[in-house]
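The values are calculated or read from the model by the stated rules, or taken from the named source; none is laboratory data. Note that this is a predicted model, so its numbers are computed, not measured. So basically every Cβ, Gly included, is an ideal-geometry build from the backbone, and we count neighbours across all protein chains shown. Side chains are part of the model used for accessible areas, which takes the heavy atoms of the whole protein and leaves out ligands, DNA and RNA. Shrake-Rupley method; radii C 1.70, N 1.55, O 1.52, S 1.80 Å.
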Amino acid sequence: MSRNDVIRATDVRKSFGQLQAVNGVSFHVREGQCFGLLGPNGAGKSTLINMIYGTTLRGSGELTVFGLDPSHEARSIKRRIGVVTQDNALDESLTVRENMEIYAAFASVPRDQRAPRVQELLHYMNLGHKQNEPIASLSGGMKRRLVFVRALLNNPELIILDEPTTGLDPAVRHLLWGKVKQLKAEGKTVLLTTHYMHEAEVLCDQLLIMSAGQVIAGGSPEQLRAEHTPGYVAAFDDPPRLAALKAHAESHGLQASQDSSGLYIRAPHLEMLLRFQSENNCAAIQMRPSNLEDVFLQLTGQELTADA
Amino acid sequence: MLETLTLSLSIVRRNWWVYRKDFLANISPTIADPAFLTLSLGVGLGAFVTSVDGHTYLQYLAPGLAVSTAMFTAFFETSYGFYVRMTFENIFRAMLTTPIGINEIVLSEFIWVALKGAMMVSGICLVLALFGLFTNPWLLPICPLIGVLVALPLGAIGLIASCYVKNINQFQTVYSFVISPLYFFSGIFFPLAQMPPALRIIAECLPLYHGVQLSQALFWNREVVATWTVHAPILMVYSTVLVTWAFRRVRLRLQT
Ligand SMILES: Nc1ncnc2c1ncn2[C@@H]1O[C@H](COP(=O)(O)OP(=O)(O)OP(=O)(O)O)[C@@H](O)[C@H]1O
Ligand SMILES: [Mg+2]
């Protein structure tokens, strides 16, 4: 642990009745880092985030944000953070600008700075031309962009993004990635949850993979790949032959896993996969360096999709 | 403390912005219901009633209608209104990520219903005064106070109900068994002296009864000081107890 840790969590737990939603989670987020929380639906990511700003009280364990305890110093913490919640929770009947102005007041932006700050942020996210439209007339992507800048009104040091890009088209997703990178370049700390492994790979320096309330792996994307799925992956989709291919791969010491979408064979070197192909006279539908998705599938034993 | 108030007022402003978007639709039941009641009961039924406590039926009805307006405004705002904001619109989840805490949310609800209650009652009293139903117009500036004193306990009942109901339909039950009895048995439509003594004592314990007493004193310019020194403090005690209870319940509900 270093002095410039923004978040420190040690053995944090939270249960709802019988359900252990967060079950002994420890991590720390350093200043300027983009830290990713990954995990299937119900893993406890949002619960952990709610504990960071004190809306959910932790059951036990140590948790500090900027060295402050969220269970009794929530307001001091909330002054310094911006949160993109999983639901948009916009005021549908109000306009874009009204939504922002209301949150500028909530975020204690001084009265005379509210209007210019709102304009600046709306233009930053290319929403200036929509400012007098009611929320109900915006597309999903525009709403998400608005919620994103709503979280920046108080110029936060820590930005928490709970599934910022779920359900968005690739163009909006790339736009938001660009903004996150820009925030990082400005020295902001980012905590992000996502179901898109590619997003985590593009944005995050450090990752924590959770499942059913527990940490199952942690490290940088490179570390996780090197540790859990080194090398390359070939995907096969030829149902009658998959069982035989799997057996053959395993007998040659290659890692193989099968799910409803096909058979995945991993090897440390690309040549081994090419040799496997020619020996079996089959063609992979895809052959590529392994990525975080492979790590995730390997660790959680399940497929991760944004809209699961 | 000052920050709590500032933040609460910023939530009140948000409520006002949302409210004014649909101002006519929002205000029409509050205006139309008492207006039609005045017509049907006051003018229609009133023709069969010679005198109640020395007043025409219309004169008798007027003060109670003003009070019931405050009750309905406050109750609907903090029951259906609050519940929708809390569960369907998820407004509070997002608010709670800002320096706003649960105390500010609850305080804002009370400021908002107190303001709305005051506005509605003032409006109704003014209209009724134009029809000559308000004896001493110099007392009109006190009318908003009735709104505040009735809106606080009734707003608290709405908030408490919001924390207990399992779904939005269950407010029907609260309405039928809490709000309706208050409406019908607080002396709005007939003097409580008409009731059997046992029931009368129960009715005189209801918070709305005290609001009706305050309003009748003002409308009829009758023992104003004596009535207010008794019934206003009773309403304040009701408010204190119910508002405290509401703060507790909402905290339990919003803090997970
Ligand atoms: N207020 C609550 N009361 C009861 N159970 C809850 C509450 N909040 C969350 N849970 C449960 O805790 C578990 C973790 O939920 P959480 O929302 O933290 O998961 P998540 O990782 O954010 O999932 P998702 O990817 O679907 O958003 C789930 O089983 C959820 O049903
Ligand atoms: Mg979540």
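Sequence-ordered 3J(HN,Hα) estimates for segment A:236-250 from the Karplus curve with 6.51, -1.76 and 1.60 and θ = phi - 60° stand at 10, 9, 9, x, x, 9, 4, 4, 5, 5, 4, 4, 4, 4, 5 Hz, glycine and proline given as x.
Rg and Dmax, both from the Cα atoms of segment B:35-104 and both in Å, are 20.3, 60. The charge dipole of the protein assembly as shown, taken about its Cα centre with unit charges on the Cβ of Lys, Arg, Asp and Glu (plus for the first two, minus for the last two), comes to roughly 920 debye. Applying the criteria of a DSSP loop state and at most 13 other Cβ atoms within 10 Å to the trypsin sites (Lys or Arg not before Pro) of segment A:108-139 yields no site. Unpaired cysteine residues in chain B (no second Cys Cβ under 4.7 Å): B:Cys163, B:Cys205.
Residues in segment A:98-133 near a label at B:Ala25, defined as backbone nitrogen under 18 Å from the 7 Å Cα→Cβ point? Those under the cut-off are A:133. Helix B:57-76 and the longest principal axis of the C-alpha atoms of chain B enclose an angle of approximately 10°.
For segment A:162-211, the list of GluC sites (Glu not before Pro) that fall in a loop by DSSP and count at most 12 other C-beta atoms within 10 angstrom reads A:Glu186. Residue farthest toward the positive end of the dipole of segment B:56-204, with Cβ of Lys/Arg at +1 and Asp/Glu at -1: which of B:Thr97, B:Tyr60, B:Ser176? The residue sitting most towards the positive pole is B:Ser176.
Express the carbon and sulfur contribution to the solvent-accessible surface of segment A:89-183 as a percent, rounded to the nearest whole number, probe 1.4 angstrom.
On the way: 1810 of 3560 Å².
Percent of accessible area from carbon and sulfur atoms in segment A:89-183: 51.
Distance from the Cα centroid of segment A:49-114 to that of segment B:48-127 is 29 Å (rounded to whole angstrom). The percentage of C-alpha pairs in chain A whose separation is greater than 24 Å is 58%. Backbone amide hydrogens, once placed in the peptide plane, bring A:Gln214 within less than 5 Å of A:Asn23, excluding anything fewer than 5 places away on its chain. Could you work out how far helix B:2-21 tilts from the main Cα principal axis of chain B, as a 0 to 90 degree angle to the nearest 10? The two axes meet at around 70 degrees. In chain A, the longest principal axis of the Cα atoms and the axis of helix A:270-280 are about 50 degrees apart.
Size descriptors for chain B, from the alpha-carbon set: Rg then Dmax equal 18.5, 60 Å.
Excluding same-chain neighbours fewer than eight residues apart, the lysines reachable from A:Lys184 by a Cα-Cα span under 24 Å are A:Lys45, A:Lys78, A:Lys143. When the other protein chains are added to the chain by itself, burial of at least 30 square angstrom of heavy-atom accessible area (probe 1.4 Å, ligands and nucleic acids ignored) affects these residues of segment A:29-56: A:Thr55. A Cβ-based charge dipole, computed about the Cα centre of chain A with Lys and Arg at +1 and Asp and Glu at -1, lands at about 820 debye.
Pairwise Cα separations in segment A:59-138 fall into 10 Å bins from 0 onward with the following percentages, short to long: 16, 39, 28, 15, 3.
Separation of segment A:116-133 from segment A:244-285 is 52 Å, based on Cα centroids.
Kirkwood hydrodynamic radius for the protein assembly as shown: how many Å is it when counted over pairs of different Cα atoms?
Working: mean 1/r = 0.0365 Å⁻¹.
In the protein assembly as shown this quantity evaluates to 27.4 Å.
Each residue of segment B:86-99 was assigned a 3J(HN,Hα) from its phi angle through the Karplus curve 6.51 cos²θ - 1.76 cosθ + 1.60 (θ = phi - 60°); the sequence is 6, 9, 7, 8, 6, 4, 6, 3, 6, 4, 5, 7, 9, x Hz, with glycine and proline shown as x. Partners of B:Lys116 within straight-line reach, counting lysines whose Cα lies under 23 Å from its Cα and excluding those fewer than 8 residues away in the same chain: B:Lys21. Positive contributions from Lys and Arg (+1) and negative ones from Asp and Glu (-1), summed over other residues with Cβ under 13 Å from the Cβ of A:Arg111, come out at +1.
The relative contact order of segment B:55-135 comes to 47 percent, based on Cα pairs under 8 Å that sit 6 or more residues apart. In chain A, Cα pairs under 8 Å separated by at least six residues give a relative contact order of 20 percent. This model, with +1 at the C-beta of Lys and Arg and -1 at the C-beta of Asp and Glu, gives segment B:2-255 a dipole about its Cα centre of some 620 debye. What relative contact order, as a whole-number percentage, does chain B give when Cα pairs under 8 Å and 6 or more residues apart are counted? Dividing the mean separation by the residue count of chain B yields 24 percent. Here's the picture: charge each Lys and Arg Cβ at +1 and each Asp and Glu Cβ at -1 in the protein assembly as shown, and of A:Gln255, A:His174, A:Leu292 the one pushed furthest to the positive end of that dipole is A:His174.
Is segment B:1-130 best put as rounded, prolate or oblate by its Cα gyration tensor, with a ≥ b ≥ c the root eigenvalues, rounded for a/c under 1.5, and otherwise prolate when a/b is larger than b/c, oblate when not? Working shown, then result.
Numbers: a/c = 3.23, a/b = 2.62, b/c = 1.23.
In terms of gyration-tensor shape, prolate.
The interface between chain B and chain A buries about 2500 Å² of solvent-accessible area in total (1.4 Å probe, ligands and nucleic acids excluded).
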